[in-house]
2 protein chains.
Amino acid sequence: MKLSRISDSTVRRLSSYCRVLEELDREGRRMVSSKRLAERGGVSSAQVRKDLSYFGSFGRRGLGYNVPRLLEEIRSIMGLNRTWRCALVGAGHIGSALFSYHDFRRRGFDVVAIFDNAEAVVGQKWEDCEIQNVKKLVPEIRRLGVDIGIVATPARAAQEVADLMVEAGVSGILNFAPRKLEVPKEISLRNVNMTIELESLSFALRASETRSRKKRAVSVDE
Amino acid sequence: MKLSRISDSTVRRLSSYCRVLEELDREGRRMVSSKRLAERGGVSSAQVRKDLSYFGSFGRRGLGYNVPRLLEEIRSIMGLNRTWRCALVGAGHIGSALFSYHDFRRRGFDVVAIFDNAEAVVGQKWEDCEIQNVKKLVPEIRRLGVDIGIVATPARAAQEVADLMVEAGVSGILNFAPRKLEVPKEISLRNVNMTIELESLSFALRASETRSRKKRAVSVDE
DNA sequence: CCCACTTTGTGAAAGATTTCGCAAGGAGCG
DNA sequence: CGCTCCTTGCGAAATCTTTCACAAAGTGGG
């Protein structure tokens with residue numbers, strides 16, 4: 001099974017199936033069909049079956065999938081049955097929002113260090129984690145064996161921080177700064193860019209305004 | 001030109017071309033080729049030309065694109081040459097991070113109201129915007145003519161809030177809660193789900209670990 | 001056991017997106 | 001002007017992703 005040729009869309013859907021399965025599990029359901037899983041996840045049932053088929057056969061014909069079993073399978077496929085050590089850089093609003101989002105910890109993403117360059121915040125404690133000067137980033141990330149670096153700095157600092165993270169040996173970077181980062185190809189990089197989301201929404205709104213203006217014009221004609 | 005059959009990936013890339021063009025403009029460049037624009041945006045030059053071609057011909061052969069002109073064109077295509085009125089629901093960490101991200105305002109996304117259900121925060125002021133009880137959401141959104149609702153609540157409250165927003169007549173919703181929202185199809189909906197991003201990163205890390213383990217095994221054999 | 005019904009897993013078809021390749025337009029130089 | 005060097009715009013090809021459609025398995029009732 002070539003993990004590398006699994007499409008990004010499939011991976012993102014697997015992640016969302018996880019959430020649906022957790023919910024079904026809480027509801028006490030034992031079995032679920034691809035149809036129901038699909039409805040809850042907002043995709044087609046064929047899509048669900050195809051996504052799962054890349055990794056094996058987890059269901060039983062006529063019955064569906066065993067909820068806890070499938071959840072465990074997907075968790076294991078996605079590497080969610082372990083703890084990932086994360087370092088957060090940037091103790092501003094975004095950093096604080098991420099840090100206090102306890103759901104991440106519950107899912108195995110553990111923030112073990114926080115860095116910032118502002119003397120005013122260095123030394124502060126968030127829960128039991130002390131904000132350190134970004135100068136200590138490389139040795140501290142090495143010492144703690146951090147897997148994932150989270151960039152939550154302003155755009156202008158982001159590349160520099162990413163370079164330090166790479167130097168320190170992280171395996172992956174999650175970037176919240178609205179700029180493209182250059183990293184060696186063996187480092188996994190994901191971007192969360194809220195500007196892109198807002199602007200795409202703007203495009204969609206403009207598109208639907210245009211549509212309804214046309215529609216109105218037609219009704220007036222009639 | 002059918003705006004509705006433009007792919008989501010194209011729209012997202014247009015948004016990122018905007019950022020590159022703004023940067024080029026600040027650097028004082030007059031002209032840019034699809035090649036350079038592509039490099040800076042991390043895509044292929046054919047992709048840039050194709051994306052633009054859906055909307056018209058903005059370049060000159062042999063010369064490239066005029067930077068301020070192309071920026072204006074894309075802004076106009078995406079509906080960024082106007083102000084969108086936004087209402088933020090959820091005055092927690094994520095809401096606060098979004099509100100204080102002034103780049104949004106600069107780009108024309110103006111938060112004109114904030115709602116929360118916790119008596120402890122209702123009445124507080126963020127800059128010159130007072131947090132209101134979510135009970136006032138519908139009339140206030142109507143009164144202010146809000147275009148975009150931003151859901152920054154815990155997952156369990158998200159659908160209820162979205163329903164209120166729809167009732168109040170927003171045109172689009174940006175959802176930060178990690179759950180699928182149901183909205184009428186004429187409402188544009190975009191989701192920002194940080195859990196999916198982190199989990200996709202986890203998948204990628206696992207995939208590359210598997211690869212390097214194999215590689216190592218091969219070197220040992222040799 | 002038979003029949004009606006359900007559901008998976010998966011090739012093959014359809015559809016969507018990206019890349020290729022090149023004609024045609026334009027700049028610059030001698 | 002003639003020649004070289006760029007670059008766009010775009011149809012066509014290649015690639016990637018989703019949907020279709022159905023055989024094969026499984027359940028349950030009589």
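The values are calculated or read from the model by the stated rules, or taken from the named source; none is laboratory data. No experiment lies behind these values; they were computed from the predicted model shown. Virtual Cβ from ideal backbone geometry, glycine too; neighbours counted across all protein chains shown.
The residues of the stretch A:18-34 that are under 11 Å from residue A:67 (Cβ atoms) and in a helix (DSSP H, G or I), listed by number, are A:20, A:21, A:22, A:23, A:24, A:25, A:26. Return yes when residue A:91 is in a loop (DSSP other than H, G, I, E, B), under 30 Å from residue B:96 (Cα atoms) and not charged (D, E, K, R) and no when it is not. It is true that residue A:91 is in a loop (DSSP other than H, G, I, E, B), under 30 Å from residue B:96 (Cα atoms) and not charged (D, E, K, R). Checking the structure you have, find out if any residue of the stretch B:82-91 is surrounded by fewer than 21 Cβ atoms within 10 Å (Cβ to Cβ), closer than 30 Å to residue B:123 by Cβ and away from DNA strand D (no atom under 12 Å from the Cβ). So far as the stretch B:82-91 goes, yes, one or more of its residues are surrounded by fewer than 21 Cβ atoms within 10 Å (Cβ to Cβ), closer than 30 Å to residue B:123 by Cβ and away from DNA strand D (no atom under 12 Å from the Cβ). Among the listed residues B:108, B:62, B:95, B:145, identify the single one that is surrounded by fewer than 16 Cβ atoms within 10 Å (Cβ to Cβ), within 14 Å of another protein chain (Cβ to nearest Cβ) and either touching a residue at least 24 places away in the same chain (Cβ under 8 Å) or farther than 26 Å from residue B:11 by Cβ (or both). Just one listed residue meets the conditions, B:145. Residues that are surrounded by 16 or more Cβ atoms within 10 Å (Cβ to Cβ) and either under 25 Å from residue B:190 (Cβ atoms) or among the small types (Gly, Ala, Ser) (or both) within the stretch B:34-46 comprise B:34, B:37, B:38, B:40, B:41, B:43, listed in sequence order. Taken together, the residues in the stretch B:10-24 that are at the interface with chain A (Cβ under 7 Å from one of its Cβ atoms), in contact with a helix residue (DSSP H, G or I) (Cβ under 7 Å, 6 or more places away or on another chain) and either within 21 Å of residue B:62 (Cα to Cα) or free of Cβ contacts under 8 Å to residues at least 60 places away in the same chain (or both) amount to 2. The residue list B:27, B:73 contains one member that is within 13 Å of DNA strand D (Cβ to nearest atom) and either loosely packed, with under 15 Cβ neighbours inside 10 Å or without any contact (Cβ under 8 Å) to a residue 40 or more places away in the chain (or both), which is B:73.
Residue B:7 satisfies every condition listed in (1) within 12 Å of chain A (Cβ to nearest Cβ); (2) within 27 Å of residue B:105 (Cβ to Cβ) except (2). Here residue A:76 fulfils each of the conditions (1) under 29 Å from residue A:170 (Cα atoms); (2) within 13 Å of DNA strand C (Cβ to nearest atom) apart from (2). When residue A:167 is tested against (1) away from chain B (no Cβ under 14 Å); (2) surrounded by fewer than 14 Cβ atoms within 10 Å (Cβ to Cβ); (3) free of Cβ contacts under 8 Å to residues at least 24 places away in the same chain, just one condition goes unmet, and that condition is (3).
Determine which member of the set A:38, A:97, A:46 is more than 26 Å from residue B:210 (Cβ to Cβ) and assigned by TED's automatic domain parsing to the domain that holds residue A:170. Give the steps one after another, and end with the answer.
Numbers: A:38 fails: assigned by TED's automatic domain parsing to the domain that holds residue A:170; A:46 fails: assigned by TED's automatic domain parsing to the domain that holds residue A:170.
Within the list A:38, A:97, A:46, the selection yields A:97.
Residues that are in a loop (DSSP other than H, G, I, E, B) and away from DNA strand C (no atom under 13 Å from the Cβ) were ranked within the stretch B:35-57; the one that is farthest from the other protein chains (Cβ to nearest Cβ) is B:56.
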